Amino acid sequence: MTTTSTAIKNTPIRRATIRDVPYILGFVKELAEYEHEPDKVLCTEEMLEKTIFGPFPYAKVLMAQTDEGVPTGFALYFYNYSTWNGKPGIYLEDLYVQPKYRGNSYGSALLYALAQELVDIDGGRLEWSVLKWNTPSIEFYKRLGAVPMEEWQTMRVDGNQIAELAKRSSGILE
């Protein structure tokens with residue numbers, strides 16, 4: 001992104017700083033509550049500081065805020081790569097706007113800023129997952145031009161299964 005902020009209908013967007021960590025974690029917890037999984041959040045402020053603002057950042061965060069600087073939501077994302085189109089892309093891990101600020105273009109502004117970042121890096125696509133029951137979000141994304149990827153199935157390995165898979169790697173990676 002060539003600029004540090006963009007305003008769409010009074011919805012300033014900026015890159016997060018380490019001072020935003022409490023807000024980011026708060027938004028993560030609010031999103032987990034909305035998705036009926038509040039007990040699944042294991043993340044701490046220290047983890048966010050290390051993995052987003054440490055020496056090797058694994059993700060980036062954009063913050064939406066009021067004109068007065070009050071954080072209203074965030075987009076947490078990271079780069080991926082498409083071997084088919086030979087270009088980088090962005091995977092949007094979380095997009096969240098607090099309920100009292102919804103309908104004021106904060107979510108749209110965050111997605112517009114991500115799209116601009118893709119243009120800036122000559123990226124090929126912006127992808128994310130949405131829960132099938134989350135009709136309001138699905139309709140919001142469709143209004144912005146997103147297309148459901150019905151033919152793709154999300155797969156995941158986590159928890160103890162990661163260690164089980166890793167045990168099988170002995171000597172494979174040089």
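The values are calculated or read from the model by the stated rules, or taken from the named source; none is laboratory data. Computed from a predicted structure; not experimentally measured. Reconstructed Cβ throughout: ideal geometry from the backbone, glycine too, with neighbour counts over all protein chains shown. With ligands, DNA and RNA removed, areas are computed over all heavy atoms of the protein, side chains included. Shrake-Rupley method; radii C 1.70, N 1.55, O 1.52, S 1.80 Å.
In segment 140-174, what residues are over 18 Å from the mean Cα position of the chain (by Cα) and within 17 Å of Val97 (Cβ to Cβ)?
Residue satisfying the conditions is Arg143 alone.
Looking at segment 95-119 only, could you name the residues that are farther than 26 Å from Glu68 by Cα and open to solvent by 60 Å² or more (accessible area, probe 1.4 Å)?
Residues of segment 95-119 that are farther than 26 Å from Glu68 by Cα, as a first pass: 118-119.
Val119, the sole residue that qualifies.
What is the residue count in segment 120-145 for residues that are among the β-branched types (Val, Ile, Thr), surrounded by fewer than 15 Cβ atoms within 10 Å (Cβ to Cβ) and touching a Phe, Trp or Tyr at 6+ places or on another chain (Cβ under 9 Å)?
Total meeting the criteria: 1.
Which members of segment 113-139 meet the condition of being closer than 21 Å to Ser82 by Cβ and aromatic (Phe, Trp, Tyr)?
Of everything in segment 113-139, just one residue is closer than 21 Å to Ser82 by Cβ and aromatic (Phe, Trp, Tyr), namely Trp128.
Only one of Leu25, Leu62, Leu42 is free of Cβ contacts under 8 Å to residues at least 60 places away in the same chain, touching a Cys at 6+ places or on another chain (Cβ under 8 Å) and not acidic (Asp, Glu). Can you tell me which?
Numbers: Leu62 fails: touching a Cys at 6+ places or on another chain (Cβ under 8 Å); Leu42 fails: touching a Cys at 6+ places or on another chain (Cβ under 8 Å).
Selected residue: Leu25, the only one of Leu25, Leu62, Leu42 that is free of Cβ contacts under 8 Å to residues at least 60 places away in the same chain, touching a Cys at 6+ places or on another chain (Cβ under 8 Å) and not acidic (Asp, Glu).
Need at least 1 residues that are charged (D, E, K, R) and closer than 27 Å to Gly145 by Cα per element, so show me which strands (runs of 3 or more DSSP E) inside segment 12-127 make the cut, counting only ones lying wholly within it.
Numbers: elements: 13-15, 60-65, 71-82, 87-97.
Qualifying strands (runs of 3 or more DSSP E): 13-15, 60-65, 87-97.
Take Phe53 and tell me if it is more than 21 Å from Ala109 (Cα to Cα), touching a helix residue (DSSP H, G or I) at 6+ places or on another chain (Cβ under 7 Å) and either open to solvent by 80 Å² or more (accessible area, probe 1.4 Å) or in contact (Cβ under 8 Å) with a residue 12 or more places away in the chain (or both).
Numbers: more than 21 Å from Ala109 (Cα to Cα): yes; touching a helix residue (DSSP H, G or I) at 6+ places or on another chain (Cβ under 7 Å): yes; either open to solvent by 80 Å² or more (accessible area, probe 1.4 Å) or in contact (Cβ under 8 Å) with a residue 12 or more places away in the chain (or both): yes.
For Phe53, the condition - more than 21 Å from Ala109 (Cα to Cα), touching a helix residue (DSSP H, G or I) at 6+ places or on another chain (Cβ under 7 Å) and either open to solvent by 80 Å² or more (accessible area, probe 1.4 Å) or in contact (Cβ under 8 Å) with a residue 12 or more places away in the chain (or both) - is met.
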